[in-house]
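Okay, so here's the structure we're looking at.
The values are calculated or read from the model by the stated rules, or taken from the named source; none is laboratory data. Keep in mind it's a predicted model, so treat the numbers as computed, not measured. When we count neighbours, we look across all protein chains shown, and the Cβ atoms used for this are built from the backbone with ideal geometry, even at glycine. These accessible areas exclude ligands, DNA and RNA; they are computed on the full protein's heavy atoms, side chains included. Shrake-Rupley method; radii C 1.70, N 1.55, O 1.52, S 1.80 Å.
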Amino acid sequence: MKLKIQTKLLAYILSTSLLIYLIAFGYLSYNDHKMAMQESENLTDAYSEKFANDIMIKLNSDMSIARTLTQSYEDYEKIFSSGMQNLFVDMLKNVLINNQQFYNAALNWEISSIDKNYKKTFGRVRYIYYRAEGRIIKRIDTLETDGDIIGSPYYDMKINPREDLSEPYLFSSSGKNDDLALVSSISIPIMDDKKYIGLLQFDVNLERFQYMINQVRPFKNSYGFLVSNSGTYIANHNAKLINQKIGEVDALENVENKILDKINNGNHFSYIKKDSTGVDYYVSMYPLKIGKSKSYWSFGIAVPIDVMSKKANVNVLYSIIVAIIGFLILIIVIWYISKSISKPLNYTSDIIKEMAKGNISSNIKIKVKGNDEISDIHNSLNKLIDGLESNLKFALQIGKGNLDYESKLLTEEDALGKALLEMRKSLKIAAQEEQKRKFEDQKLNWATNGAAKFAEIMRENTDKLSEFSYNVISNLVKYLNANQGGLFIINDNNKDDVIVELSASYAYDRRKYIDKKIKLGVGLVGRCIKEAETIYMTDFPEDYINLSSGLGESKPKSLLLVPIIFNQQVFGVVEMASIGEFEKYQIDFVERIGESIGSTILNVKMNERTARLLEESNLKSEELVGQEEEMRQNLEEMKATQEELEIKAAEFKSMKNALNKVALVAEFDMQGRLLDINKNFLRVLNKTREEMIGTFQGVFTIHEDESSELFRNFWNDLRQGNSRKSIQHVKINNRDVWISESYSPMFDKSGEPFKVLNISFDITKTMKEQMKK
């Protein structure tokens, strides 16, 4: 039987709509119920986080008070030497007065830290303040003088210093059950660098959190609780559970959900539990990180599942009512629409069939009659035919590669027309980007290959600075297609006459031997070094480069000067000239390898200087055996070397290590007080480092009557920046020792002396041989 269009519309659309409606309603109802439950769980999680943070703030505040007080005890030597220990100990009492949450406070000192005459590694003094009978009482105990108690909490903190919040325990200051309270101990070690010197402890009242827990009622019949790292209940709506283990109270849930493991790991987690009455609860646990302690506590909120699902059930009921009303409205609307469009559908069917066959031309356009929605459909269909015909022509032209072919949009909402125009635009951009990408890839490959090439060049040339310079500049000129170039390196061997030397030059595929020296700050090379910035010039007077450039009389079109910088220190300048212009990526490349050049120059200089210094050191060692005068000359040379090493920290460290092996080395402040001394010096003086640090220069000299005036004159010269030498005669264990000393002031960045370096040699053997003669 052939059904009418209207009947088909009603039958098919309504049946399909009903099926879709039922599926959608079922899905939405399920999803709404799920979302409502999820929302309740999220809200519960948010409450658990909020209350956990409130408790964590209070405990961290207690920990901060203890940590701040601990910092005041770190200068313990000054406290005990000045006799102020009682004043600092009494600070504990003020803390107890101002912080009622603290039950007592204890300050433990290792006796060996506060009494230098005490040589045992065990034994402590404990100052303790505690509350009793409404008063704060002080007590001082001396403990463990016979040995540490292995396994005790104090010994554990001593061998493993750390901030710690102990497990809760019951405490009574009177020893009676009347004032028994649940507390936890905050422990903060007092350290001198990595040395353990004492321990500060506070017992914190945990019963204050019971009041907070009693106020936690985010949902009907919900409750909160607080547990320690071991699972001990600290606060609970059921007071009988306080100080009991969660693993014992909720043994099954603990096994199934690994509650204790997650608390120990500091996890935020949730699980479902069933109470003794058979009611299911959703439990959300949030971790508490207290100070720097590695032990986590956890706060939990338990909410009945039926309370959480109540809102979801109400939402489902409302959804059913809305769905029924909506479907009735849908039936009426579909009936009306099917009636109004059934007739014109037959009229437009043939046109659509033609378009479906791919026949797109103005010959199939519809003659519009009337002024209703159907006529609008016909008008739109006619416009669609015009647009498709226009877009077809446009697509054909684009397919032929004519990207400049123009096409007009039917309206501002012509998505297909816009898409075709965007396609043309994208094709144009793609062509441009492809060309640009190829160029960028070429530049990147050029820079990458260049970096690898010059890394190999610099790796193979680290022995001789001149050959290194030539290989670098010659290859750089060739690689950049420049015409000529030069590598200028700062020569600071003479501190009074620092110059810039042309280490190597290359022009027109030939090596140039040019001896050129430039004063610092003179010309473009000097300016480049001073400013430590790249100079690139393409527009300058005819004779400007002849006067200022380091490349002689060449007249290039462009000039590039790049400073060689490594570790914020300028070592020289790469200067290049070309009859063409340098591209930015070429300039960037030269700047990029400049740091590698600087690093290699530093290594080459250090290699050359090390070889030279080793040779000089051997000569000096031989000369010291023969003649004292030659030894003094060698000391002067070592002083010059020392001044040179002060400019370069890395070289100074290497030289200092070498000196520590062959010489007696010490450092003094500008008042003559010893700051540092090496092992060789201590061995000669037969003293320990602790005995020597802080003593004044000349304290062991034989001529004590001269020490005062000579000492002042001696150190006044050093404070004015002058170096001094002396031969010191000292008595060590009734043994005469002669030491040849050289004192050289060391200067800071502003040129002011800030300490003095003493390089000495034991010349006892030489002096005794001379005295025999």
| remark: Within region 214-226, the residues that are surrounded by 22 or more Cβ atoms within 10 Å (Cβ to Cβ) and in contact with a Leu (Cβ under 9 Å, 6 or more places away or on another chain) are Phe225, Leu226
| remark: Scanning region 213-243 residue by residue, those without any contact (Cβ under 8 Å) to a residue 40 or more places away in the chain and not in a loop (DSSP other than H, G, I, E, B) turn out to be Ile213, Asn214, Tyr233, Ala235, Asn236, Ala239, Lys240, Leu241
| message | Against the definition (closer than 30 Å to Lys443 by Cα, modelled with pLDDT of 85 or more and open to solvent by less than 30 Å² (accessible area, probe 1.4 Å)), how does Ala532 come out, yes or no? | response | no
| message | Going through Ile597, Ile593 one at a time, which residue ends up being among the hydrophobic types (A, V, I, L, M, F, W, C), over 23 Å from Glu644 (Cα atoms), assigned to a helix (DSSP H, G or I) and touching a helix residue (DSSP H, G or I) at 6+ places or on another chain (Cβ under 7 Å)? | response | Ile593
| Top-ranked residue of region 190-212 - restricted to ones that are in a strand (DSSP E or B) and open to solvent by 20 Å² or more (accessible area, probe 1.4 Å), ranked as farthest from Asp90 (Cα to Cα) | Lys195
| request: Considering each of Leu43, Leu87, Leu59, Leu69 in turn, give the residue that is in contact (Cβ under 8 Å) with a residue 12 or more places away in the chain and either outside any helix (DSSP H, G or I) or open to solvent by 50 Å² or more (accessible area, probe 1.4 Å) (or both). | output: Leu43
| request: State whether one or more residues within region 472-492 are at pLDDT 85 or above, farther than 19 Å from Glu595 by Cβ, hydrophobic (A, V, I, L, M, F, W, C) and assigned to a loop (DSSP other than H, G, I, E, B). | output: yes
| field | Search result, residues across region 546-577 that are under 14 Å from Gly485 (Cα atoms), buried (at least 21 other Cβ atoms within 10 Å of the Cβ) and either at pLDDT 85 or above or basic (Lys, Arg) (or both) | value | Leu559, Leu560, Leu561, Val562, Pro563, Gly572, Val573, Val574, Glu575, Met576, Ala577
| field | Wholly enclosed helices (runs of 4 or more DSSP H) of region 662-773 bearing at least 3 residues over 48 Å from the mean Cα position of the chain (by Cα) and surrounded by fewer than 18 Cβ atoms within 10 Å (Cβ to Cβ) | value | 707-719, 764-772
| field | Matching residues in region 254-266 - criterion: being open to solvent by less than 60 Å² (accessible area, probe 1.4 Å) and out of contact with any Gly (no Cβ under 8 Å at 6 or more places or on another chain) | value | Asn257, Gly266
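Matching residues to (1) over 30 Å from Ile23 (Cβ atoms); (2) at pLDDT below 90; (3) in a strand (DSSP E or B); (4) open to solvent by less than 70 Å² (accessible area, probe 1.4 Å):
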| position | (1), (2), (3), (4) |
| --- | --- |
| Leu252 | yes, yes, no, no |
| Ser270 | yes, no, yes, yes |
| Lys292 | yes, yes, no, no |
| Val303 | yes, no, yes, yes |
| Val316 | no, yes, no, yes |
| Gly326 | no, yes, no, yes |
